[in-house]
Amino acid sequence: MRKRPLCMVCLILLAIQLVRVSFLQNTKDQKPSLAETLIPDENDVVCEGTVYKIENKSQSTAIYLKDAVVSCTDRKNKNQTIKEKKILITIKNNKSGKKTGMKIGQKLNVWGTKQSFHPPRNPGNFNQKSYYQKQGIHVGVLTKAEQVEIVLSEKDKNWIVSRWNSIRNQLDRLKNYWNWKIVSQMGKTHGAMLSAILLGEKSGLDPEMKKLYQKNGLGHLLAISGLHMSLIGMSVYRLLRRMGNSFLFSGIAGGGILFFYLVMTGPQVSSLRALLMFFIRMGAEITGRDVDQPTSLAVTAAILSIYQPLYLLDAAFLLSFGAILGILLLYPIFEQKTRLKAWEGFKISLAVNGMLLGVMLYYYFEVPPYALALNVILIPLFPFVMLTGLGGILFSELSGTVGKIGFRSCDCLLSFYDKLCELTSALPGSRIVTGQPKLWWVLIYYGVLFFLCFLFHVMKNKTDNRRKQAGFSLLVCIVIAGSICGCGILNNDPKNLQVTVLDVGQGDCIFIRDREGKKMLVDGGSSDLSSVGTYRIEPFLLSQGVRKLEYVFVTHGDADHINGIQELLQNQKQGVEIDALVLPPEEYMDEKLLHLAEIAKENETKVLTIYSGEEVGIYLKCIAPLTTRKNEHTRGRMEEVPRLEAGNEASVVLELKDGAFRMLLTGDLEGRGEEQLVESKALESCPILKAGHHGSKNSGSEEFLQIVKPRLTLISAGIENRYGHPHEETLERLLEIGSEVLSTQDYGAITLRSDGRKIKVHKYL
């Protein structure tokens, strides 16, 4: 580093910025804004601001405003006006920004309701708050298209601003036109993929196809990344140089095209990194100097961290810079002279993935082992995908036939990509789900990795080259493989029982991992959150290292208990596998449960029914709904009991036992179902209770609670839900018997761990 003083200065700056954002948390965007603090959520507001970005999504249109002013009526009924740097306007059910007639540079008046962005409420969930903080956005407004008014045209600005806004709007129109042309020529699936590759337009991407690429380690191909920028920028630069143009002209032309391409597609961390490194390289070549890649990388990282310090905690930032760092630090360890380009590509892929492993596991909880080979095969073909796709767009304006040839060629290449991804997904061990490692594990991993790199550079002139190369390559591979296995072991602790009541809004979802290693789910759904299985339940399971669930129990057929399970069943190939779906007794199967059973069978999941008295494993037992069915698990002769109405009253009730740990899982049990259980001899005292029906007024009667006598009661309910759950009377009854009450409304996910003797309670928030 003594020979690279600028690199050292940048590294020190990065360390200072990292301390600021990680420990001190004193950056401007980490602190709540005035509008976020002073205006309650769901309050009616009026805001005014200038449009600087428009995003068309599948179910909405996102309008980004800068230099905004928010007006509302506070609690004292006084008109309150607050300045806000940036605001996100979400127009629901408006699939095309053209319908609104909005353009960049226009000033808008918007009426709507104020929305805050929230941190994750379960382990492994997406951090919405952090995502928008990195963009300098702290509040949003939910509105309709008719509640948006244009008060100032972009033409009314000063000449420079007006010209720049006009250029951006022209680029936006060009992007929309090209997107339309691609999709119309190639179809929705591959058309949307090519549009994402070339234009960064992801709204039309098939979710299953997107997930297929991500799970195979190829998600970076479907987003504008450094690879895209390098291909475009360097291609233009080299072409102009071969045509005899000067370094200066070629560099300016290549940089200019990259800049406007970035403006059209939207700036991302990886594309900003590629653009800055391109400018540094061009500056070096123009001035006749050699490019020092480590210094270039450090300077670029320092510039971006000054622009936005929170980038240092962003997965995209770490992956983009980590990939280049892997090539710089690890590839020399693997490097041996060979004529096989494929082997060289494999070593580069190994170096990149080895450097990114810790980050990938920390943010995405799994690693695709076949990604090493897939990237070697598919990345060399990627320039042809871009070239044929771009050729199809441009030549279609001159000749429809030539354009179709380009699009057809691109379609064939993408089909090859799809088939190869599907093939590798079907292979054994295509996904290694390890769960989210502890931060200390990530730090140790990179500490060992950097130490090996240091040791290599110290010893490289003191040992035989072949032995040195082979030894260090083997050692690094061992560290990588051992780290994967070690991380998996850390997230699968067989010594302790784990029960987690997830925060799924207004709904129920309980995860159980017993001391035998069996992983189970009891219910999974929500009535106020969309795609709860995809965005809350599945990420949580993956963060816990769960690749397969042995059992999924459904207590009854309400949507807030099953819609997330339906998503899990349909997404098993790329998500979490389910061995068996366990449903209530046949006499309590309604249409929703029958439909769920059909979905399970279609996705090769066994469908079972559970009756009172039956046990699952050595820890779980069903005690309701009571039936007259006799089987090998029934103790003695059961008296005939009146049939209940299918639904809440007939909820499956499960009892979980492990030494001193005893917990009652009641689904939505209430009313006559609760009374029937009280009258039976199946109900016993239980120190831990999952409250029935989200703590409603009709659940947890005095008679029921006097028998159960819970010392701890867990309630799953949505924040400010329309049903008023949990009800005040239910809470009073629980407090009267001395039960501690914990709700997902207040604490997010609630986790209980027990070794059969002691019980530990962990609140996520």
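Out of contact with any helix residue (DSSP H, G or I) (no Cβ under 7 Å at 6 or more places or on another chain), surrounded by 24 or more Cβ atoms within 10 Å (Cβ to Cβ) and within 21 Å of P207 (Cα to Cα): does that describe R536?
Against the criterion (out of contact with any helix residue (DSSP H, G or I) (no Cβ under 7 Å at 6 or more places or on another chain), surrounded by 24 or more Cβ atoms within 10 Å (Cβ to Cβ) and within 21 Å of P207 (Cα to Cα)), R536 qualifies.
To keep it simple, each residue is scored yes or no on (1) among the small types (G, A, S); (2) outside any helix (DSSP H, G or I).
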| site | (1), (2) |
| --- | --- |
| I379 | no, no |
| F382 | no, no |
| G389 | yes, no |
| G392 | yes, no |
| G403 | yes, no |
| G406 | yes, no |
| T424 | no, no |
| S430 | yes, yes |
| L443 | no, no |
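List the residue pairs whose Cβ atoms are under 8 Å apart, where the first residue sits in region 594-617 and is under 16 Å from D523 (Cβ atoms) and in contact (Cβ under 8 Å) with a residue 60 or more places away in the chain, the second is part of a strand (DSSP E or B) and of a type in the set (V, I, T), and the two are 6 or more positions apart or on different chains.
V616/V582
Take region 21-70 and flag every residue that is touching a Pro at 6+ places or on another chain (Cβ under 6 Å) and crowded, with 17+ Cβ neighbours inside 10 Å.
V21
Listed here are the residues, each with its yes/no results for (1) over 30 Å from the mean Cα position of the chain (by Cα); (2) at pLDDT 90 or above.
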site	(1), (2)
G471	yes, no
I478	no, no
N492	no, no
Q544	no, yes
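Pairs, please: C-beta under 6 Å, at least 6 apart or cross-chain, first residue assigned by TED's automatic domain parsing to the domain that holds V183 and in region 379-405, second among the aliphatic types (A, V, I, L, M)?
What qualifies is P383/L231; V385/L413; G389/L194; G389/L198; F395/V402.
Restricting region 673-713 to residues that are assigned to a loop (DSSP other than H, G, I, E, B) and over 42 Å from the mean Cα position of the chain (by Cα), which is surrounded by the most Cβ atoms within 10 Å (Cβ to Cβ)?
Step one: list which residues in region 673-713 are assigned to a loop (DSSP other than H, G, I, E, B), which gives 680-687, 691, 696-701, 709-711.
Subsequent filtering for residues that are over 42 Å from the mean Cα position of the chain (by Cα) retains 680-682.
Values: S680: 15, K681: 6, A682: 19.
Looking at residues that are assigned to a loop (DSSP other than H, G, I, E, B) and over 42 Å from the mean Cα position of the chain (by Cα), I get A682.
Tell me which residues, restricted to region 714-743, are in contact with a strand residue (DSSP E or B) (Cβ under 9 Å, 6 or more places away or on another chain) and part of a helix (DSSP H, G or I).
Matches in region 714-743: T730, L731, L734, L735.
Looking only at region 538-561, which residues are within 20 Å of L361 (Cβ to Cβ) and either of a type outside the set (G, A, S) or part of a strand (DSSP E or B) (or both)?
Residues satisfying the conditions are E538, P539, F540, L541, L542, Q544, V546, R547, K548.
So which residues in region 9-61 are in a strand (DSSP E or B) and under 16 Å from K114 (Cβ atoms), if there are any at all?
Answer for region 9-61, where residues must be in a strand (DSSP E or B) and under 16 Å from K114 (Cβ atoms): D44, V45, V46, C47, E48, G49.
Going through region 117-169 one residue at a time, which ones are at pLDDT 90 or above and assigned to a strand (DSSP E or B)?
V139, G140, V141, L142, T143
Taking the residues in region 547-566 that are surrounded by fewer than 22 Cβ atoms within 10 Å (Cβ to Cβ) and more than 26 Å from E649 (Cβ to Cβ) as candidates, determine which candidate is farthest from the chain's Cα centre (by Cα).
Checking each candidate, the answer is E550.
I'm told L752 meets every condition in (1) touching a helix residue (DSSP H, G or I) at 6+ places or on another chain (Cβ under 8 Å); (2) more than 12 Å from G695 (Cα to Cα); (3) buried (at least 19 other Cβ atoms within 10 Å of the Cβ) except one. Can you identify the failing condition by its number?
L752 satisfies all of (1) touching a helix residue (DSSP H, G or I) at 6+ places or on another chain (Cβ under 8 Å); (2) more than 12 Å from G695 (Cα to Cα); (3) buried (at least 19 other Cβ atoms within 10 Å of the Cβ) except (1).
Run down L174, L231, L240, L212 and say which single residue is in contact with a Cys (Cβ under 6 Å, 6 or more places away or on another chain), assigned to a helix (DSSP H, G or I) and in the same structural domain as T300 (by TED's automatic domain parsing).
Matching residue, one of L174, L231, L240, L212: L212.
I need a count of the residues in region 200-216 that are of a type outside the set (K, R), buried (at least 19 other Cβ atoms within 10 Å of the Cβ) and within 15 Å of the chain's Cα centre (by Cα).
Summing the residues that are of a type outside the set (K, R), buried (at least 19 other Cβ atoms within 10 Å of the Cβ) and within 15 Å of the chain's Cα centre (by Cα) in region 200-216 gives 2.
Give region 40-66 a look and list any residue that's more than 25 Å from the chain's Cα centre (by Cα), within 21 Å of Y131 (Cα to Cα) and of a type in the set (V, I, T), or say none.
The one that is more than 25 Å from the chain's Cα centre (by Cα), within 21 Å of Y131 (Cα to Cα) and of a type in the set (V, I, T): V51.
The values are calculated or read from the model by the stated rules, or taken from the named source; none is laboratory data. This structure is a prediction, so every number in the text was calculated from the model and none was measured. Cβ coordinates were reconstructed from backbone atoms using ideal geometry, including for glycine residues, and neighbour counts include every protein chain displayed.
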